[in-house]
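Participant: Below are the structure tokens for one structure; questions will follow.
The values are calculated or read from the model by the stated rules, or taken from the named source; none is laboratory data. Just so it is clear, the model here is predicted, and its values are computed rather than measured. Positions of Cβ are backbone-derived with ideal geometry, glycine not excepted, and every protein chain shown enters the neighbour counts.
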Amino acid sequence: MTVVHFLVLIAGVTAGFYVNTIVGFSAALVSFPFFLLVMNIRDAVGLESIFYLLSSIILTFKNYKLINRKVVGELAIGIVIGLIAGIKLLKSGDPIILKKIFGVFVLIMVAYLYFHNRKNKHFKRLGILFGFAGGFFSGLFATGGPPVVAYIYNKIDENSVMRASIIGALGVINMIKAPMLIYSGIINLPLLLLALCLMPFFILAIILGHRTYNKINEEVFRNILLLLLMASGISIIIL
């Protein structure tokens, strides 16, 4: 690996997990374009998953008291089932059509959340479904955040609790997915050593992200959240 390649990876890790620390998700949306410039998608998924796991452990620990465990629990069963189903389907083919449908679904959810200020009471009965979608598409494409974020956004008003609960729910995905990737050989010793070299920049991103989050107000936070959800949907459709 050349110095230029390593600098590209530094930029990806730092930018991706800076944003991820602020809003609780979307590291892959920011960092993947950097990673794919210098490595294949298999290694990119493996490297991303290493840092996702570490990020989940750190952020869950720091925000544990704020996590709405009831809401996360509503998603958890669906997440586990969906993750298993998504990884199984990924091994059997390349379901591009499903990916496009998922991207459209995300954009519809963003439009709904933007134009409807009132909470949808029907969401209270859809936790398993949204959890399944999050786990399923995380297993398929590492893009399972939007359904989980949309569900939590609709259920929780307070920004700090919303962010913490997003972190907790995605932590369930990452802590289950990483061992599966290790077992499959996608996460291997060379990738672990590379992640170790990038660790200082990952830690820097976490620190800077926390400082930025503490300075933004509620309206800015929610606008950033919806903007990133929209960007996620568009990128899923076109990539």
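Participant: Got a sec? Which of Ile167, Ile207, Ile187 is under 22 Å from Leu36 (Cα atoms) and out of contact with any strand residue (DSSP E or B) (no Cβ under 9 Å at 6 or more places or on another chain)?
Facilitator: Ile187
Participant: Under 6 Å by Cβ, and 6 or more places apart or on different chains, what pairs join a residue from region 163-182 that is surrounded by fewer than 24 Cβ atoms within 10 Å (Cβ to Cβ) with one that is not in a helix (DSSP H, G or I)?
Facilitator: Every condition considered, the pairs that remain are Leu181/Ile187.
Participant: Turning to a different aspect of this structure: Picking from Leu196, Leu191, Leu226, Leu140, which residue would you name as being over 25 Å from Lys88 (Cα atoms), touching a Leu at 6+ places or on another chain (Cβ under 8 Å) and not charged (D, E, K, R)?
Facilitator: Result: Leu226 is the single residue among Leu196, Leu191, Leu226, Leu140 that is over 25 Å from Lys88 (Cα atoms), touching a Leu at 6+ places or on another chain (Cβ under 8 Å) and not charged (D, E, K, R).
So that you can scan it fast, the table gives a plain yes or no per residue for (1) in contact with a Gly (Cβ under 6 Å, 6 or more places away or on another chain); (2) modelled with pLDDT of 70 or more:
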{"position": "Glu74", "(1), (2)": "yes, yes"}
{"position": "Ile77", "(1), (2)": "no, yes"}
{"position": "Ala85", "(1), (2)": "no, yes"}
{"position": "Pro95", "(1), (2)": "no, no"}
{"position": "Lys99", "(1), (2)": "no, no"}
{"position": "Phe102", "(1), (2)": "no, no"}
{"position": "Ile108", "(1), (2)": "no, yes"}
{"position": "Phe115", "(1), (2)": "no, no"}
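Participant: Could I ask something else about it? Could you list all residues from region 24-60 that are part of a helix (DSSP H, G or I), without any contact (Cβ under 8 Å) to a residue 60 or more places away in the chain and over 21 Å from Leu227 (Cβ atoms)?
Facilitator: Passing the criteria: Phe35, Leu36, Leu37, Val38, Ile41, Ala44.
Participant: Please indicate, with yes or no, whether at least one residue in region 198-220 is surrounded by 15 or more Cβ atoms within 10 Å (Cβ to Cβ) and touching a Gly at 6+ places or on another chain (Cβ under 6 Å).
Facilitator: No, region 198-220 contains no residue that is surrounded by 15 or more Cβ atoms within 10 Å (Cβ to Cβ) and touching a Gly at 6+ places or on another chain (Cβ under 6 Å).
Participant: Could you check how many residues of region 27-48 are crowded, with 24+ Cβ neighbours inside 10 Å and either touching a Cys at 6+ places or on another chain (Cβ under 9 Å) or among the polar types (S, T, N, Q) (or both)?
Facilitator: 1
Participant: Can you find, within region 186-239, the residue that is modelled with the lowest pLDDT among those that are assigned to a loop (DSSP other than H, G, I, E, B) and over 25 Å from Val8 (Cβ atoms)?
Facilitator: This residue is Asn217.
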